[in-house]
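Everything on this sheet refers to the single structure shown next.
Rule-based calculations on the coordinates, nothing more; no lab input. All of these numbers come straight from a predicted model, not from anything done at the bench. Positions of Cβ are backbone-derived with ideal geometry, glycine not excepted, and every protein chain shown enters the neighbour counts.
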Amino acid sequence: MKFPKILLAIVSLVLFSCNEKKVTPFESLSPQEFAEKIKTIENPQILDVRTPDEFASAHIDKAVNINWNGDDFDSKAAAYDKSKPVFVYCLSGGRSKKAAAKLNELGFTTVYELDGGFINWNDKNAPNAEASENGMTMNEFNALLNTDKKVFVDFYAEWCGPCKQMEPHILKLEKELADKAVIIRIDVDKNKDLAQQMEITQLPTTFLYENKTMKKKNIGYISEEELRKQLQ
């Protein structure tokens, strides 16, 4: 009879579903929520997915470094307990969201991602962030604007893909248009306080100044042609 076979198939499917691990999509939390969640867990698993240099400059207390851009991310992540919550963050949120999705794929059942990254964590004065070097001050930055030329400011990071793509033509135009414009490149990892004061949350972020007044702000990649138009 077909009925018993159909019934057996249904029962098998139900049993298989019950035994399957439930993996929920990662959850993005504000710095305050992220900090509170960490407090509720004994020996929390906190993964800083930035580069080793970024991690060395400053990081959340008790975090361990697993570079998202490294070749061994999957194997290192697999060493952690997938049944326990895992917290993940990067500088501004781009890498951590990708890493959180990958952790879901690897079978981690509960993944919390820091929305806005370490920049947002510091901006909201969340606890447990280790001290970082100050870098350029706002007064020093403003002093760079004291010129009758146009001033183009590029906030970048060494690990940022679009920043790397922009670097060649920025350096090219810096020399080519030296009589018309001043180009300043600021590494956010070495100037965290200034980046925070300038509200840099995404990279690259650029500003165009004329007579100390900001004329244009851009987030994301700028082509050589567009940059040339701005500076001429």
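Brief remarks follow.
- Within segment 138-231, percent of DSSP bridges classed antiparallel, to nearest 5: 60
- In the chain the longest region clear of GluC sites (Glu not before Pro) that are loop-assigned by DSSP and have at most 15 other C-beta atoms within 10 Å covers 43-129.
- Loop trypsin sites (Lys or Arg not before Pro), segment 167-232 (other Cβ atoms within 10 Å of the site Cβ: 15 or fewer; DSSP): LYS180, LYS212
- The angle separating the long axis of helix 2-19 from the principal Cα axis of greatest extent in the chain is about 50 degrees.
- Remark: segment 67-77, residue by residue, has Karplus-estimated 3J(HN,Hα) of 5, 4, 7, x, 6, 10, 4, 4, 5, 5, 5 Hz, where x stands for each Gly or Pro and the curve is 6.51 cos²θ - 1.76 cosθ + 1.60 at θ = phi - 60°.
- Residue-count net charge about ASP115 - beta-carbon cut-off 12 Å; Lys, Arg +1, Asp, Glu -1: -2
- Overall form of segment 138-231 per C-alpha gyration tensor (a/c, 1.5; a/b vs b/c): oblate
- Legend: calculated FRET efficiency, ASN211 to THR137, from the Cβ-Cβ distance at R0 = 22 Å, rounded to 0.05, equals 0.50.
- log10 of Debye I(q)/I(0), alpha-carbon scatterers only, for the chain at 0.17 Å⁻¹: -1.16
- For segment 63-103: rounded, prolate or oblate by the Cα gyration tensor [a/c cutoff 1.5]: oblate
- The chain: relative contact order as a whole-number percent, Cα under 8 Å and 6+ apart: 18
- Rounded to 5, the percent of DSSP beta bridges in the chain classed as antiparallel: 40
- Overall, the ratio between the Cα radius of gyration of segment 66-201 and 2.2 N^0.38 Å, rounded to two decimals, is 1.31.
- Listed residue (LEU231, PRO168, VAL182) projecting farthest to the positive dipole end of segment 138-231, Cβ model: LEU231
- Exposed chymotrypsin sites (Phe, Trp or Tyr not before Pro) absent: longest stretch of the chain, with sites in DSSP loops and at most 16 other Cβ within 10 Å deemed exposed: 81-220
- Dividing the summed -39500 (n - 2.57) terms of all DSSP H runs of n ≥ 4 by the residue count of the chain sets its mean residue ellipticity at 222 nm at -11500 deg cm²/dmol.
- Three-way shape label, segment 19-123, alpha-carbon gyration tensor, a/c 1.5: oblate
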